[in-house]
Structures are given as C-alpha cells and as structure tokens.
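Here is the structure we will look at.
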Amino acid sequence: MRGITRIAVAAIAVGALTAGCGGGDKPIGSGASSGNPSSSTSSGGSTGQYKKGGTVTIANVGGQTWPCQFNPFNPSVNGVAGGFVYEPLTFVNVLKAGATTPMLATDFAWSPKKDSIVFTIRDGVKWSDGQPFSADDVVYTFNLMKAQPALDIYALWTGAGLTSVTAAGNKVTLKFKGAAEPYFFNFANQVDIVPKHIWSTGEAASKPATWADPKPVGTGPYTVESCTPNNISYAANANYWQPGKPYIQKVQYPAYLDNNPANLDLASGKAQWGGQYIPNIDKFYKSKAPENNYWFPPTANVALVPNNDPSRPATSKLAVRQALAYAIDREQVSKIGESGYQPAANQTGVVTPTFDKYFDKDALTTAGYDKPNVEKAKQLLQSAGYSSSNPLKLSVITVTGYTDWDASLAVIKQNLAAVGIELSVQDLQQQSYNQKLYTGDYDLAYSSLSGGPTPYYELRQLLYSKNTAPIGKQANSNYSRYSNPEVDKLFDQYASADPDTQVKLIKQISSFMIKDVPLIPTTESVDWYQYNTKDIEGWPTQDNPYAQPAPYNIPDAGQVLTNLYSKSAQK
Amino acid sequence: MRYLLRRLGFFVLTLWAAMTLNFFIPRMMPGSPEQALRDRFSKGGNIVSPEQLRTVLAEFGFDPGKNLLLQYIEYLKAMVTGHWGVSIGSSLGVPVTTLIGSALPWTLGLVGITTVLAFALGTLIGTISGWRRGGLIDGIVPPVFIVTSALPYFWVALLFISLFAIGDHAILPNDFNYDQGLTPGFNGEFILSVLKHGILPAATILITAVGGWILTMRNNMITTLAEDYVRMARAKGIPNRRIMFGYAGRNAFLPNLSGFAMSLGFVISGTILVEYVFNYPGLGYMFYNATVSTDYPLLQALFLLVTLAVLICVLLCDFAVFLLDPRARTKG
C-alpha cells in the first residue's frame, strides 16, 4: 500500500525536475521552428484534423482528494492546472533528449554567451475568458515571482541568477548573471504563464501565493468545468489557439486515494489513462482487454548510494564500492525485484535507451562493469582488508512499504553474500528515512531521484559538490557526499557549451562514475503509463514518444491531451 | 450529583491533557512540514533552498522557527476558538475546516450508521442467543459471526469487490462515494447513487464488527441469567419477553455500553483500511494522509475531533449508566 505513496511522491517529483534544457535534437541557438506544435508532433501523434467529441477519464493516484485550487504556483496542486489550463513558453521533451516544441513562444534565441535569451511571443492567442494574450502577461508572470519569493518555486531569481525580464513588442528578454542554459527546462518548460488582467486585481494580487484560483483562466486546451473533492471535470477551451484542437471535449480526473481502485478502473476500461504501478500487469491489466496497453519509458536511476564520507570506514573506500558494483547482478535485480518493469541500470549513470547518445558503452565494457564479476569483487574486498574471518558488514536503509525495493534488496543481499558481504536491510518509515538520507546517517541507502531532459540533470544532482553538505547537515541531492573538483569543473563547463561538447562532457562525467564509483545504479526508474485504445487514439508510444506519457507529468499532459481523439466521434 | 460533577471535571482535565499530547506528539515524529514540502516539490530539485520552503510555509501561516511554547499557547487558543488554520500538507492552503467539512459527512454516514447498526444488531442477537442458550440460533449465528469478525477488513473488502464489483456481471460500484458524473444534490438519482456506493463498504464493516458485540452480549446475558433476581422474576410469572429485555438484558447491556461509547468516538477517525480499499473520501484516509505529509494544522484538528468525540461519548455513557444503574447513583 505504501509503495503507492512513493509513486505519488515520485509523480510530483517528476513534475518538478531540476534545471535546464539540453542539447536537443535541434541546435540550441536556433530555438525551434515556428508554427503549431501539432506540426512538430506530427511525426506520429496527429496527422490530420479530427472531429471533436469524446471523453477521457484519467486514473492516476494522487493520494488525496482534490483541494479544488488551481493556483499554478502552489506546489501541491499545480499538477491539475499545468498543461490542462496553463501553458509554458516552450515544451521540452525529456524523451527526445530535450527537443523543443514552441508553445506560447514561437521561437527563442540565446545570446552567444548564453546569459540572455529572447522569446518571440505567439500572436493570436486568447485567454479562456476571451481576452488577448500578450508579451505583457509573460513579463508579468516572471516579475510576480520576483516580487513574491514564495511563488518562485524554481528559484529562478534566487538560484538561477535571473536578473531581469523585459518586453519589447512581441519579444521578451530574460537576462541572467551567467550562462543559464541548464535552467531553460525550468523557465521555458515549467513556469506556467498566468493572465495579468486576472492576477493583478483582487485577492489574486494581494495574496498571489495563497490565492485558491478556483476558476482558472489560462491559455491551455481545457478549462475547469466543475470541481468537487472527488472529481475535476475539464471542458474543451473553445478559444484554444491551436486550430481544431483539442479534439476530446471532456476530461474527467477522479481523485484516487489508493492504487487498487484506480487499477480496477483501468483494467475494466472505466478509465483510459493511467500512471501507476500495477503488480503483475500482464495478467491484471493487459489480458483484460486487447485495447489495454502500457509502456514504461526509463527516465532516471534507482541506485545503491554508498556514504563516501571518510567517517564511514568501509563505504568511503574505493575498493569496497568497486566490489559492490562488481558483485551486483543488475539483470537479476531488474527481473526479480522489479518484475522486469524497470530495466537494469549501468555504472555510467546514463539512462538507456532514453539517453543512448550520451552512453559510453566501450568505457563500461573496458572497466568490466557490463556484467557481474564475483571473482574481482572478492579480490577487491581482500585488498581492502576483509576476509571470511573479518567479514564486511554493511546496512542499507530503505523505505518501508516499497515492496519492489525490498525485493530488489533481497536480490542484492544474495549477490553480496556470494562475495562475502553481509548486508542488513533497514526498512524505515519515509520521514525517518529522509532524515537519515539527507544528513548522511547511513552506510548504504537505496534511493532514486528524478531526471531531466539530458543525463546532466540527474548526474549533477548526484555528483556536484555544491549539492552536498557535511555529515549532520541536510544535503540537497548529493547524498553520497561525493566531491571531486575535476567533476565540478565539467559540470560548470556544460552550461555554456555547444551540444556536441555537452555530449562529450557527459561522457567524461560518467567516466568518473566508473572510476570513483560514487554510487551504484541498479535499475532504471520509469514513467508508469497505461492507455486504452478502445475509443481514444493519439497516445504517445514507444515509436512516437512526443511527450512523457504519464498523466502526472506537467506540462507533458497538455501535449498528450491536445493529440488525443475519439474514434467513435469520427463516424 | 457529585458523581456527575466528578465525571465532568475528569472530562475537562482529560481534554486538556489530550490536547497537549496532540500538540507535542506530531512534533516529536520524525520529519517536519518543511521536509514533507521539500519531498513534494523538489525531490529531484537541488534548487529549492530551506529558506524558500520556509517562505512558502510562512505564506500559508506556519512559522517553523517560532518558540515552541508560544506555538503551544497559540495552538490552545486556536483549538478552543475554532480557528484551525489552513493545511500545510498535500492540500496546501485549503482551510482545515473545509477539508474536514467535506469528509466528515461521508465518514459519519458510513462508519457512524454501520457502527450503530452493528451494535444494535449484535446486542439483539447476543441477547436472544444468550436467552436461548444451546438453541438453534445460539448454535449457528454466534460462531459464524465470530469467524467473520476475525477476518481482516482489508481482505473482506477485496473479497466483496471481486464478488460483486468486477467481472462481467458487476452489480455494485467498487470505488468512490457516488457516481463521478453526478452533481451532489437532493435528488433521487444522487441519493440512490450514494446508497449503492455505500453498500459494499458498509457490509464490510458490519460483517467484521458485529461478531464482537454478539459474543460479549451473549456471555453477559448468560451470567446475568444465573442471577437470583432473574430466577425470582421467572417465579413470579413475569412474561419471558419482559425478563429477557427488561431484567436480564438491561443489566447485561451495561458492560457493553462503555465499549460502544468508545467505538462511537472512534467513528471520527473512520476505518482507514475500508476507506482506502473503496476509495471512499472520508476522515480515516485524511488522517493517514495528514500524518504522512506532517500536516500539523490538519492533524491537530483531526485529533481534537477524535478526542472530543471519544470523551463526549464516554461522558454520555457515564450519564446513561447513572440513569440505568441504581448502584452508580447510590455510590455517588
């Protein structure tokens, strides 16, 4: 039951990825071609016009009843407003290595030093109340976040070094203190643009952070028709700027508290779009109807995190960490622990196949991490001074109720026993686990972070020394306490580098994953995604990954919703 | 009268003690609202600083840096005056009263009615089977219900769902408190939908709760029936029905009463598992959620409600015993 909570938390986390847009399919300086997003996604999503009609019901466990607040700056509720009602300037596709699709901005251009960016704002867009949208709204949104620090949930003004946002005609310029490309993902893709004419008056203006925004006015494909704690009902936005879209006229978003009812509703076809873990999915879901489909694209790593701090005599030793990395049979962990839903990870820390172009397979093979090597692990342990008379005993912290992690750790425990390491598993309640993880009070931790449009985002969180903290203080995301000036330098170069260099930099960074073994990736965490094609088509698929497919991904949900259509409405 | 006054004094003292515990226990749990918020919106993010989190929480009226004693005094005042604040958990910014207001009727309706029903049914069946000890009813009903009451809620609920709610011949809904397409209101369609959605969760609670009442009532009944005053009543030729309910039943009922009062009090906290399985948006689930997200204001308000409900029910039970049992009166 609690594994579900993790998925819910992960869901929100995925929506709040760190920073930046990476070297996408298109050269970064040139932005994206102007025109409709439909043309950019036509590689498979929608090839023509469809008749309007139909309803989509989403079964995605939010783990709470709906508060009926749609303020996109409220981190607890923005998952039901972003993408549905509010839209960003540009959509960044994580599954296509950060490829961009123009949304409210038709184009963008970086300055040569990448310390300022100019967006060209789209003409002819209307808010759902009929008022025209303009560059003024964009400037207003960003400046609102400056005036109210509580709204700046991506820390653009305080962390990313944003210094000014100004408009001239239909051009909006964002200026930064230094090279800011890694934050593109945040300011272009995740900041929802809000209407000035609504937000500058009344309660919205006096308390923008806490305003409930019960009837949101946005530029997105849908408006909120009604909301109860049980269900949000969205209706197609008649003023939507993408001609003919959205095709689906109604979206129902019931509030599921637990996986079981949501899974049942997905299996029976009562709901068509899911985003959760279903145990034994082939039997429970796929076999129930030929139209039931699923796809789990990998986006980040689940890893065994050793405490690199010298205060831990065992795990701070390189030989011990290497022994762990050689001893674990990742394929086995994936098959037994995660029922094969999560593929095996690799020691470079680059998630494949999602980020194949950053993946240095040769380096992995040369180092011998491509398959488990029990003999080598034993030798390394011996060199570190451990033997059968002096066995290495380690404990690993994990979160109680994460049954898949428990199963994975059981496999890991067996693997390690084979080389003479005694692993004890400590199942902790979420909050105690966090406390220990953040402050570095552990030998090993089983942990997972969210990724981003390129491996840079996850690796930076895990390895950048500014993200760590001394033992006893809360670390931001580098919980292993890894700190290497050479690696930091590589991260620092990334922000202003060209796309090809960025690929090289990531390969260099992942070479340190092999050399220093700061952490040991075991499986790749995935986007949970189920879809039913009985009446609805246009879904993202493995062949056409036009957006992250799980409904909890914001703003990706908006991309999916504008591409869906009802087959019965076409007759 | 001194008896009643003493009970009242005890009530006030317990309430204060419980409220104090309610304040300190959540704060001694591992984790903090900042951490919960951090988990929620920056799990992957390394850019949201602790100051940023504090700013957001402060905006919603929670100042983690404030002196604990000061917080305690403000808390007591807020609890008494009913200013319960806004959620700082997963429903960030929603007034606690709104949250509770939307969940309370469903829990009261479902768990409240079924608890009373289970108690009434259990007491009646217990009385009859105790009276006709070794009879047909006594031979079948109590053993059956004792077995069902030993079954876990969760399992019974899942069994019901697989029997009645899924498959090709689903006759009852498996989740929610009413049909999602309907707008709440006093019309036949909506009420019917509410009733239909209530059947399975109610049956689950009933089946697992009734056995306990049957067993205790039956056993109380048997010991009471052996008392001299019952034999006296029989000898006097008083009708069986009157002896059963008015003589034996009335006394056998007393020990059960305080148990009933307690269970009524706990109606507020709902039955978390049942609400979980049936996706029934009541208070039990809200409790769970508030604990997980370290939502102090919501937790405090919910605890207060449970404490009040239990204490008031126990107090009412004391009054009832005072009325029903002459011994309580003479002692006082």
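Taken together, the residues in the stretch A:71-91 that are at the interface with another protein chain (Cβ under 10 Å from one of its Cβ atoms), of a type outside the set (Phe, Trp, Tyr) and not in a helix (DSSP H, G or I) amount to 5. Based on this model, can you work out whether A:Ser424 counts as over 27 Å from A:Gly98 (Cα atoms), open to solvent by 50 Å² or more (accessible area, probe 1.4 Å) and either away from every other protein chain (no Cβ under 14 Å) or assigned to a strand (DSSP E or B) (or both)? Answer is yes for this residue. Tell me yes or no: at least one residue of the stretch A:169-188 is farther than 21 Å from A:Ala495 by Cβ, at pLDDT below 95 and open to solvent by less than 20 Å² (accessible area, probe 1.4 Å). No, the stretch A:169-188 has no match at all. Could you tell me whether any residue of the stretch B:208-220 is within 14 Å of another protein chain (Cβ to nearest Cβ), under 30 Å from B:Leu159 (Cα atoms) and open to solvent by 50 Å² or more (accessible area, probe 1.4 Å)? For the stretch B:208-220, residues within 14 Å of another protein chain (Cβ to nearest Cβ), under 30 Å from B:Leu159 (Cα atoms) and open to solvent by 50 Å² or more (accessible area, probe 1.4 Å): absent. Being at pLDDT 95 or above, in contact with a Phe, Trp or Tyr (Cβ under 8 Å, 6 or more places away or on another chain) and open to solvent by less than 20 Å² (accessible area, probe 1.4 Å) is a description that does not apply to A:Val333. Of the candidates B:Asp63, B:Asp39, the single residue that is among the acidic types (Asp, Glu), within 14 Å of chain A (Cβ to nearest Cβ) and outside any helix (DSSP H, G or I) is B:Asp63. Being within 13 Å of chain A (Cβ to nearest Cβ) and either open to solvent by 70 Å² or more (accessible area, probe 1.4 Å) or modelled with pLDDT of 90 or more (or both) holds for only one residue in B:Gly101, B:Gly45, B:Gly126, B:Gly93, and it is B:Gly101.
As an exercise: evaluate A:Asn553 against (1) open to solvent by 10 Å² or more (accessible area, probe 1.4 Å); (2) at pLDDT below 95 and give the number of the one condition it does not meet. Condition (1) is where A:Asn553 drops out. Hey, can you tell me all the residues within the stretch B:132-148 that are in contact (Cβ under 8 Å) with a residue 60 or more places away in the chain, farther than 14 Å from B:Val210 by Cβ and open to solvent by less than 70 Å² (accessible area, probe 1.4 Å)? Hit for the stretch B:132-148 is B:Asp138, nothing else.
For the stretch A:130-166, a tally of residues being part of a loop (DSSP other than H, G, I, E, B) and either in contact with a strand residue (DSSP E or B) (Cβ under 9 Å, 6 or more places away or on another chain) or within 14 Å of another protein chain (Cβ to nearest Cβ) (or both) returns 13.
The residue that is farthest from B:Ile113 (Cα to Cα), counting only those in the stretch B:248-272 that are among the hydroxyl-bearing types (Ser, Thr, Tyr) and modelled with pLDDT under 85, is B:Ser258. Filtering the stretch B:217-247 to residues that are touching a helix residue (DSSP H, G or I) at 6+ places or on another chain (Cβ under 9 Å) and outside any helix (DSSP H, G or I) leaves B:Glu227, B:Ile238. Tell me yes or no: at least one residue of the stretch A:496-507 is surrounded by 17 or more Cβ atoms within 10 Å (Cβ to Cβ), modelled with pLDDT under 95 and touching a Pro at 6+ places or on another chain (Cβ under 7 Å). Yes, some residue in the stretch A:496-507 is surrounded by 17 or more Cβ atoms within 10 Å (Cβ to Cβ), modelled with pLDDT under 95 and touching a Pro at 6+ places or on another chain (Cβ under 7 Å). Quick one: in the stretch B:58-76, which of the residues that are surrounded by 14 or more Cβ atoms within 10 Å (Cβ to Cβ) and in contact with a strand residue (DSSP E or B) (Cβ under 9 Å, 6 or more places away or on another chain) is farthest from A:Leu151 (Cα to Cα)? It comes out as B:Phe62. Looking only at residues of the stretch A:435-444 that are open to solvent by less than 20 Å² (accessible area, probe 1.4 Å) and out of contact with any helix residue (DSSP H, G or I) (no Cβ under 6 Å at 6 or more places or on another chain), we find that the one that is modelled with the lowest pLDDT is A:Tyr438. Scanning the stretch A:193-219 for residues that are within 14 Å of chain B (Cβ to nearest Cβ) and either touching a residue at least 24 places away in the same chain (Cβ under 8 Å) or in a loop (DSSP other than H, G, I, E, B) (or both) turns up A:Lys207, A:Pro208, A:Ala209, A:Thr210, A:Trp211, A:Ala212, A:Asp213, A:Pro214.
Scanning the stretch B:237-290 for residues that are touching a strand residue (DSSP E or B) at 6+ places or on another chain (Cβ under 8 Å) and hydrophobic (A, V, I, L, M, F, W, C) gives no hits. For the stretch A:518-534, the criterion of being in a helix (DSSP H, G or I), aliphatic (A, V, I, L, M) and open to solvent by 10 Å² or more (accessible area, probe 1.4 Å) is met by no residue.
With respect to the conditions (1) out of contact with any helix residue (DSSP H, G or I) (no Cβ under 6 Å at 6 or more places or on another chain); (2) modelled with pLDDT of 95 or more; (3) not hydroxyl-bearing (Ser, Thr, Tyr), A:Ala289 lacks only one, and its number is (2). Regarding the stretch B:317-324, can at least one residue be identified that is without any contact (Cβ under 8 Å) to a residue 12 or more places away in the chain and part of a helix (DSSP H, G or I)? Yes. Per the listing B:Leu151, B:Leu200, B:Leu225, the residue uniquely touching a residue at least 12 places away in the same chain (Cβ under 8 Å), surrounded by 16 or more Cβ atoms within 10 Å (Cβ to Cβ) and over 29 Å from A:Ala289 (Cβ atoms) is B:Leu225.
Condition check ((1) in contact with a Gly (Cβ under 8 Å, 6 or more places away or on another chain); (2) charged (D, E, K, R); (3) open to solvent by 20 Å² or more (accessible area, probe 1.4 Å)) across all residues:
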site: A:Ala267; (1), (2), (3): no, no, no
site: A:Asp282; (1), (2), (3): no, yes, yes
site: A:Phe296; (1), (2), (3): no, no, yes
site: A:Arg312; (1), (2), (3): no, yes, yes
site: A:Ile328; (1), (2), (3): no, no, no
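Residues that are surrounded by 19 or more Cβ atoms within 10 Å (Cβ to Cβ) and of a type in the set (A, V, I, L, M) within the stretch A:336-362 comprise A:Ala344, A:Ala345, A:Val350, A:Val351, listed in sequence order.
Within the stretch B:106-123, the set of residues being open to solvent by 20 Å² or more (accessible area, probe 1.4 Å), among the small types (Gly, Ala, Ser) and touching a Phe, Trp or Tyr at 6+ places or on another chain (Cβ under 9 Å) comprises just one member, B:Ala120. The criterion of being in a helix (DSSP H, G or I), surrounded by fewer than 18 Cβ atoms within 10 Å (Cβ to Cβ) and either within 13 Å of chain B (Cβ to nearest Cβ) or small (Gly, Ala, Ser) (or both) does not hold for A:Lys473. Within the stretch B:178-192, residues that are more than 10 Å from chain A (Cβ to nearest Cβ) have Cβ atoms under 7 Å from residues that are open to solvent by less than 80 Å² (accessible area, probe 1.4 Å) and assigned to a loop (DSSP other than H, G, I, E, B) in these pairs: B:Glu189/B:Leu182; B:Phe190/B:Tyr178; B:Phe190/B:Leu182; B:Phe190/B:Pro184, counting only partners at least 6 apart in sequence or on another chain.
The values are calculated or read from the model by the stated rules, or taken from the named source; none is laboratory data. Model, not experiment: these values are computed from the prediction. Glycine also receives a Cβ, built like all others from the backbone with ideal geometry; neighbour counts cover every protein chain displayed. Accessible surface is based on the protein model in full, side chains and every heavy atom, while ligands, DNA and RNA are left aside. Shrake-Rupley method; radii C 1.70, N 1.55, O 1.52, S 1.80 Å.
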